[in-house]
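**Student:** First the structure, then my questions, so here it is.
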Amino acid sequence: MPHIPEVLPKSIPIPGFIVTTFSYLWFYLKALLLQIPGGTYLIQYIQKSHQDDPYRTAVEIVLILYGIIYYLSKPQQKKGLQWNKPNLTPQEVDGLIDEWQPEPLADPTVLDEQRWRLDTIPVVDGSGVNNRIDVVRAGGKEKFENVLNLSSNNFLQLTHEKVVLDAAKQTIGNYGVGACGPAGFYGNQDVHYNLEYRLADFFGTECAVLYGQDFCTSASVIPAFTKRGDLIVADEKVSLSLQNALQLSRSTVYYYEHNNMESLENLLAELIESEKKENLPAISRKFIVTEGLFHNTGDLAPLPQLTALKRKYKFRLFVDETFSLGVLGKTGRGLTEHFDMVRRDAVDITVGSMALAFGSSGAFVLGDAVMSHHQRIGSYAYCFSASLPPYTATAVYKVLELMHDDNTAVATVQRYARLVHEEFAKDEKLIPYCEITSSPFSPVLHLRLTPELRLKKFGYTAEDLFCEMLHLQKRVATTCYIEPYENEERFLQSVVDRLLKKHGILITRNTIVIKQETLPVLPSLKICLNAKLDENELLEACKAVKNVLVQSCSE
């Protein structure tokens with residue numbers, strides 16, 4: 001065939017039919033390309049790339065054919081999506097639309113299973129400041145009179161002092177009952193700024209910033225100082241408010257074992273070493289996040305070791321002292337006073353609540369002047385949420401004055417905390433059933449079932465619960481119902497009910513919103529103490545609680 005060019009060299013041993021086939025293909029392809037504008041350049045490219053290597057040409061041809069087929073198949077796929085669409089008349093379409101019902105926002109069957117939670121919420125009839133209260137439940141169907149209140153977080157009970165009440169009444173007469181605006185616009189008045197100065201002076205920091213709601217404060221402050229690429233190392237037992245803050249921070253979050261400083265140091269060292277290897281273009285901000293007294297367990301954070309590690313690895317320390325300010329330390333100045341440390345040197349950012357020990361509402365953040373100034377222009381809750389009512393600010397101001405002049409209330413609640421902790425810790429009958437997770441310095445005693453009893457009675461462990469929580473979160477479940485956990489919660493509520501009905505004592509379960517929790521958590525009971533309790537009455541109440549616990553757990 002003298003008219004067909006020889007495209008395959010004879011030096012390569014290839015079967016004759018392949019040589020003939022490719023020769024014909026090349027001949028007709030070349031003839032076709034010569035008729036297309038620019039085809040001459042394409043022929044030159046093919047001849048140059050051939051380079052006495054037929055396999056390369058074959059691979060390129062296969063790739064080109066694959067690209068053509070892939071491109072042509074895309075319109076067919078789009079057409080296929082519509083191909084199975086049923087051929088409905090407009091009337092049939094309208095009928096289907098009328099019949100369609102959206103999926104319920106919550107599973108009604110699960111809500112019925114959890115109805116008991118609403119029915120057992122105690123509502124104080126009248127003032128809740130006194131230690132003896134009247135309680136109603138289940139929409140008024142259950143009424144209990146002269147109940148001993150061991151569920152209040154008003155630890156110091158100073159807001160019912162006459163000087164505080166008189167100051168609050170006078171402020172209402174002068175300012176009204178609402179701020180009616182955010183702090184940065186027109187919500188803050190002189191009483192708010194006076195309280196900020198007083199808080200900073202009392203706790204030994206440069207500045208303080210007031211917030212209108214304590215639960216949302218951390219979720220506003222942490223995102224104000226963090227961005228994508230920053231590092232946050234947090235304790236694995238932080239409360240839900242801090243979990244929300246970490247999610248909103250946009251930072252990379254790591255967790256260390258609860259109060260385990262060896263685990264924390266290993267993680268910090270690993271992160272610093274990794275950062276050196278990556279050679280990042282900018283230095284990220286780094287925070288250690290923990291609590292003073294932990295909300296869900298009641299134990300103390302080891303502040304001296306935390307401070308040493310944050311200095312060693314150049315991290316900032318953020319401490320949520322919602323439960324520790326007002327009750328820890330000789331004068332109630334919190335975790336730093338408890339460990340005999342200077343706050344401005346030990347902790348970079350402190351969040352405190354005025355709704356617990358100080359008996360009012362709202363929250364505040366302690367720190368240096370630069371940190372405080374940035375919050376006033378960059379913290380969502382400060383910029384957009386309404387300020388505290390003026391009388392609540394005045395009440396806290398007067399409480400701080402009372403604490404400065406006399407620390408009797410602080411000393412009393414600390415003594416009761418140690419007394420109650422010892423009463424439960426030394427009871428040998430209770431040891432097989434319950435464990436105490438809280439510190440002897442905590443005004444809230446946390447009791448939870450031992451792992452062995454939980455496994456025997458309800459058939460699950462802490463790890464099982466956390467795995468099921470993660471599974472439900474991955475499914476984006478609207479309603480989270482975990483039967484073994486729900487059964488344990490019901491059991492603990494039965495203990496609360498027995499104490500309320502038979503002994504006139506009100507304690508409470510630890511409130512857990514299982515759908516929102518992203519860290520390991522377990523059900524527990526809480527006994528809350530305050531400075532105005534009678535010691536003999538408190539000891540009698542402890543005996544009743546222990547007896548009911550032993551009786552319930554042994555059944």
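The values are calculated or read from the model by the stated rules, or taken from the named source; none is laboratory data. Because the structure is a prediction, the values reported are computed rather than measured. Note: ideal-geometry Cβ built from the backbone for every residue, glycine included; neighbour counts use all protein chains shown. For the accessible areas, the whole protein counts, side chains as well, though only heavy atoms, and no ligand, DNA or RNA atoms are used. Shrake-Rupley method; radii C 1.70, N 1.55, O 1.52, S 1.80 Å.
**Student:** In square nanometres and to one decimal, what's the mean projected area of the convex hull around the Cα atoms of region 91-142?
**Tutor:** Values: hull surface 25.1 nm².
Result: a mean projected hull area of 6.3 nm².
**Student:** Report P(r) for the chain: all Cα-Cα distances, bin width 20 Å, range 0 to the bin holding the largest distance, values in whole percent.
**Tutor:** 17, 40, 20, 13, 9, 2
**Student:** Measuring with a 1.4 Å probe in the full set of protein chains, what accessible area per residue, in whole Å², belongs to the chain? Numbers along the way, then the final one.
**Tutor:** Working: 29420 Å² over 555 residues.
That works out to 53 Å² per residue.
**Student:** May I pose another question? Let me spell out the model: positive unit charges on the Cβ of Lys and Arg, negative unit charges on the Cβ of Asp and Glu, origin at the Cα centre of the chain. What dipole size does that give, in debye rounded to 20? Please list the in-between numbers first.
**Tutor:** Details: 56 positive and 66 negative charges, 252 e Å.
Charge dipole of the chain: 1200 debye, to the nearest 20.
**Student:** Identify, among Ser442, Cys216, Gln114, the residue whose Cα sits farthest towards the positive end of the charge dipole of the chain, taking +1 on the Cβ of Lys and Arg and -1 on the Cβ of Asp and Glu, with the dipole about the Cα centre.
**Tutor:** So the residue furthest toward the plus end is Cys216.
**Student:** In square nanometres and to one decimal, what's the mean projected area of the convex hull around the Cα atoms of region 159-200?
**Tutor:** Values: hull surface 14.0 nm².
Orientation-averaged projected area of the Cα hull: 3.5 nm².
**Student:** Can I ask one more? At q = 0.22 Å⁻¹, what base-10 log of I(q)/I(0) does the Debye formula yield for region 309-428 when every alpha carbon is treated as an equal point scatterer in vacuo?
**Tutor:** Results for region 309-428 at q = 0.22 Å⁻¹ read -1.34.
**Student:** Once you order the gyration tensor axes a ≥ b ≥ c over the Cα atoms, which shape class does region 207-295 get: rounded for a/c under 1.5, otherwise prolate or oblate by comparing a/b with b/c?
**Tutor:** Working: a/c = 2.45, a/b = 1.38, b/c = 1.78.
Since a/c reaches 1.5 but b/c is at least a/b, the shape of region 207-295 is classed as oblate.
**Student:** Please list the equivalent ellipsoid semi-axes of region 370-479, computed as the square roots of five times the alpha-carbon gyration tensor eigenvalues, in descending order and whole angstrom.
**Tutor:** Working: eigenvalues 293, 183, 22 Å².
In descending order, the three semi-axes are 38, 30, 11 Å.
**Student:** Mean separation of Cα pairs under 8 Å and 6+ residues apart, divided by the residue count of the chain: what relative contact order is that in percent? Intermediate results must be reported in sequence, preceding the final value.
**Tutor:** Details: 853 pairs, mean separation 93.7, N = 555.
Normalised by residue count, the contact order of the chain is 17 percent.
**Student:** Another question, then. Among Thr226, Thr412, Ile349, whose Cα projects farthest towards the positive end of the dipole of the chain, with charges put on the beta-carbon of Lys, Arg (+1) and Asp, Glu (-1)?
**Tutor:** It is Thr226, whose Cα lies furthest towards the positive end.
**Student:** Here is a further query. Mind checking the angle between helix 162-175 and the chain's longest principal axis? C-alpha axes, 0 to 90 degrees, to the nearest 10.
**Tutor:** The answer is roughly 60 degrees.
**Student:** With a 10 Å radius around each residue's Cβ, average the other Cβ atoms per peptide and rank 351-364, 384-397, highest first. The partial results should precede the final answer.
**Tutor:** On the way: 351-364: 25.1, 384-397: 23.3.
Highest mean packing first, the order is 351-364, 384-397.
**Student:** Separate question: Accessible area of the chain with a 1.4 Å probe: how many percent of it is carbon plus sulfur?
**Tutor:** Numbers: 16440 of 29420 Å².
Using a 1.4 Å probe with all protein chains present, the chain comes out at 56 percent carbon and sulfur.
**Student:** What spacing in nm lies between the two simple spin-label points modelled at Ala138 and His374, each 7 Å away from Cα in the Cβ direction?
**Tutor:** Between Ala138 and His374, the label points sit 5.3 nm apart.
**Student:** Between Glu236 and Lys501, with labels modelled 7 Å along Cα→Cβ, what's the label distance in nm to one decimal, could you check?
**Tutor:** 3.9
**Student:** Another one. In the full protein assembly as shown, how much of Glu273 is accessible to a 1.4 Å probe, in Å² to the nearest 10?
**Tutor:** The value for Glu273 is about 90 Å².
**Student:** Less than 12 Å Cβ to Cβ from Trp116, Lys/Arg counted +1 and Asp/Glu -1: what total charge do the surrounding residues give? Kindly include the intermediate steps, with their values, before the conclusion.
**Tutor:** On the way: positive: Arg115, Arg117, Arg137, Arg490, Arg509; negative: Asp112, Glu113, Asp119, Glu486, Glu489, Asp497.
Surrounding charge for Trp116 is -1.
**Student:** So if each residue of separation counts as 0.36 nm, and I subtract the Cα-Cα distance between Arg115 and Leu470, what length gain in nm does that give?
**Tutor:** Numbers: separation 355, 0.36 × 355 = 127.80 nm, distance 2.40 nm.
Separation in residues times 0.36 nm, less the Cα-Cα distance, equals 125.4 nm.
**Student:** With the Cα gyration tensor of region 88-242 giving a ≥ b ≥ c as the square roots of its eigenvalues, does the rule (a/c under 1.5 for rounded; else a/b larger than b/c for prolate; else oblate) give rounded, prolate or oblate?
**Tutor:** Numbers: a/c = 2.06, a/b = 1.38, b/c = 1.49.
Oblate shape, in that a/c is at least 1.5 and b/c is the bigger or equal ratio.
**Student:** Counting Lys and Arg as +1 and Asp and Glu as -1, each charge on the Cβ, what is the dipole of region 110-256 about the Cα centre in debye, to the nearest 20? Write down the numbers at each step before the final one.
**Tutor:** Details: 13 positive and 17 negative charges, 48 e Å.
Computed charge dipole of region 110-256: roughly 240 debye.
**Student:** Among residues other than Thr408 whose Cβ falls under 13 Å from its Cβ, what is the net charge (Lys/Arg +1, Asp/Glu -1)? Before the final figure, lay out each step's value.
**Tutor:** Values: positive: Lys330, Arg415, Lys532; negative: Glu161, Asp405, Asp406.
Surrounding charge for Thr408 is 0.
**Student:** Using r as the Cβ-Cβ distance of His404 and Asn174, and R0 as 22 Å, what FRET efficiency do you calculate, to the nearest 0.05?
**Tutor:** Working: r = 24 Å, r/R0 = 1.09.
Calculated value: 0.40.
**Student:** How long, wide and thick is region 216-357, going by the Cα atoms along their three principal axes, in whole angstroms, largest first?
**Tutor:** Sorted largest first, the three principal extents are 47, 28, 25 Å.
**Student:** Determine one quarter of the surface area of the Cα convex hull of region 426-555, which equals its mean projected area, and express it in nm² to one decimal.
**Tutor:** Values: hull surface 35.2 nm².
The Cα convex hull of region 426-555, projected and averaged over all directions, gives 8.8 nm².
**Student:** Could I ask something else about it? Using a simple spin-label model with points 7 Å from Cα along the Cα→Cβ vector, what separation in nm is obtained for Asp125 and Phe384?
**Tutor:** With each label point 7 Å from Cα toward Cβ, the separation is 4.2 nm.
**Student:** Right, here's the next one. Treating only the Cβ atoms of Lys and Arg (+1) and Asp and Glu (-1) as charged, compute the dipole magnitude of region 138-201 about its Cα centre; round to the nearest 20 debye.
**Tutor:** Working: 5 positive and 7 negative charges, 45 e Å.
Charge dipole of region 138-201: 220 debye, to the nearest 20.
**Student:** Would you pull out the residues with amide H under 5 Å of Ser438's amide H, same chain only if 5 or more places away, H placed 1.01 Å from N?
**Tutor:** Amide H neighbours of Ser438: His446.
**Student:** Region 407-484 to region 366-405: how many Å between their Cα centroids?
**Tutor:** Between the Cα centres of region 407-484 and region 366-405 lies a distance of 33 Å.
**Student:** Taking only DSSP H segments of four or more residues, each worth -39500 (n - 2.57), what value at 222 nm results for the chain once the sum is divided by all its residues, to the nearest 500 deg cm²/dmol?
**Tutor:** Working: 22 runs with 270 residues, N = 555.
Mean residue ellipticity, 222 nm, calculated: -15000 deg cm²/dmol.
**Student:** Kindly rank 311-319, 324-332 from highest to lowest mean number of other beta carbons found within 10 Å of each residue.
**Tutor:** Taking the mean over residues of other Cβ atoms within 10 Å, the ranking is 324-332, 311-319.
**Student:** Between Gln35 and Ser284, 0.36 nm times their residue separation minus their Cα-Cα distance comes to what? Walk me through the numbers on the way to the answer.
**Tutor:** Working: separation 249, 0.36 × 249 = 89.64 nm, distance 6.18 nm.
Stretched out fully, the Gln35 to Ser284 stretch lengthens by 83.5 nm.
**Student:** Rounded to two decimal places and with Rh computed the Kirkwood way over Cα pairs, what is Rg over Rh for region 162-239? Could the numbers behind the result be given before it?
**Tutor:** Values: Rg = 16.7 Å, Rh = 15.6 Å.
The Rg/Rh ratio comes out at 1.07.
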